[in-house]
Amino acid sequence: MSLPKILKPKQNTKLKRFGRNNDGGYLVTEKSVINSKSLLSFGILDDVSFESDFIKLNKVDVHCYDHTVGKNFWKRKLYSDFGAGMYNFNFPFIINSFNRYFEFKKFFSDKSNILNIETIKNGSLTDIIKSNKLQHPSFLKIDIDGSEYRILEELIKLQSHFSALIIEFHDVDLNLKKICDFVENFQLTLTHTHPNNYGFLNHDNLPTVIECTFEKEPELVPGEIILPNKFDQPNDPSKKDYNLIFKTN
């Protein structure tokens, strides 16, 4: 089965990777980062590599929201990762886990980077924009494991507030119409689509998780769009990336 044509970027753009290798890195043009006055990040877990790369290019206030990283999150994670690493004699895994911890703590030691232990739900986006008095346009990154569908209508309603949007769509095969309706009504330009190979392929070989980048004023370049982009990487490095196939009409 092919993805609908509306999910394929129509213009070639000068994309750059922000964030770490494999899972946690996303593609967007530098222009959209530079043009942003603030960064909203919904869903971070233990990885702030995207946000860290973002503020290296444009030092703005960063507002992160994730209900899973509460008081005991790192205690449980480090204990679990240390045990798993020792059991499997995987010492690089242990070192990587502790590095993530120190990167996380260092990032949020900056008072401009704010961590909110909150669940994103219907109405959250409206409340966040109003309560924080964010400078616009904001750059918005969303990876909230299926809850993105709860705020799609708000995204369309508030789209004038955003310079760019990076969003992961989950259970794509079950929500394809919702995704296509969103793209059709969202006026920012779709500049990149990438399958997340941590998600599985359904019985029609349709990727069940995709990452999409939308930009208000992307940096266009001549030439044909090539997917995967040269900066794309498989989210799960132990497996090959999925190939995207789009319908022709």
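The values are calculated or read from the model by the stated rules, or taken from the named source; none is laboratory data. Quantities reported herein were computed from a predicted structural model and do not represent experimental measurements. Positions of Cβ are generated from backbone atoms using ideal geometry, with glycine treated the same way; all protein chains shown enter the neighbour counts. Accessible surface areas use protein heavy atoms only, side chains included; no ligands, DNA or RNA. Shrake-Rupley method; radii C 1.70, N 1.55, O 1.52, S 1.80 Å.
One table, with the values for the structure above:
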read-out	value
Identity of the residue in segment 139-165, among the hydroxyl-bearing types (Ser, Thr, Tyr) and either part of a helix (DSSP H, G or I) or over 16 Å from Cys212 (Cβ atoms) (or both), that ends up farthest from the chain's Cα centre (by Cα)	Ser160
Per-region count, segment 105-135, residues assigned to a loop (DSSP other than H, G, I, E, B), of a type outside the set (D, E, K, R) and over 21 Å from the mean Cα position of the chain (by Cα)	1
Inter-residue pairs, beta-carbon under 7 Å, first among the hydroxyl-bearing types (Ser, Thr, Tyr) and in segment 235-249, second surrounded by 14 or more Cβ atoms within 10 Å (Cβ to Cβ), 6+ apart	Tyr242/Pro195; Tyr242/Asn197; Tyr242/Leu201; Tyr242/Pro207
Segment 1-28 residues that are farther than 21 Å from Glu217 by Cβ, paired with ones that are among the basic types (Lys, Arg) (beta carbon under 6 Å, 6 or more apart)	Ser2/Lys247; Pro4/Lys247; Lys5/Lys247; Gly25/Arg17
Filtered residues of segment 85-98 (kept if surrounded by fewer than 16 Cβ atoms within 10 Å (Cβ to Cβ) and either on the phi < 0 side of the Ramachandran plot or in a helix (DSSP H, G or I) (or both))	Met86, Tyr87, Asn88, Asn90, Phe91, Pro92, Phe93, Ile95, Asn96, Phe98
Every residue from segment 228-249 that is touching a Ser or Thr at 6+ places or on another chain (Cβ under 7 Å) and either under 19 Å from Asp171 (Cβ atoms) or not in a strand (DSSP E or B) (or both)	Leu244, Ile245, Lys247
Residue match in segment 192-201 (condition: of a type in the set (A, V, I, L, M, F, W, C) and free of Cβ contacts under 8 Å to residues at least 12 places away in the same chain)	yes
Any hit, segment 183-191, residues being within 15 Å of the chain's Cα centre (by Cα) and open to solvent by 50 Å² or more (accessible area, probe 1.4 Å)	no
Ser32 vs. criteria open to solvent by less than 50 Å² (accessible area, probe 1.4 Å), hydroxyl-bearing (Ser, Thr, Tyr), farther than 22 Å from Asn197 by Cβ and at pLDDT 95 or above	yes
Looking only at segment 219-228, and only at residues there that are surrounded by fewer than 17 Cβ atoms within 10 Å (Cβ to Cβ) and of a type outside the set (D, E, K, R), the one that is nearest to the chain's Cα centre (by Cα)	Leu227
Which listed residue, of Asp127, Asp61, Asp110, Asp47, is closer than 22 Å to Ile210 by Cβ and out of contact with any Cys (no Cβ under 9 Å at 6 or more places or on another chain)	Asp47
Candidate set: segment 45-84, residues that are in contact with a strand residue (DSSP E or B) (Cβ under 6 Å, 6 or more places away or on another chain) and over 22 Å from Lys133 (Cβ atoms); chosen: the one least open to solvent (accessible area, probe 1.4 Å)	Phe50
Selection count where residues are farther than 11 Å from Phe42 by Cβ, open to solvent by 40 Å² or more (accessible area, probe 1.4 Å) and polar (S, T, N, Q), scope segment 114-161	5
Filter result (open to solvent by 10 Å² or more (accessible area, probe 1.4 Å) and part of a strand (DSSP E or B)) within segment 195-218	Leu201, Val209, Glu211
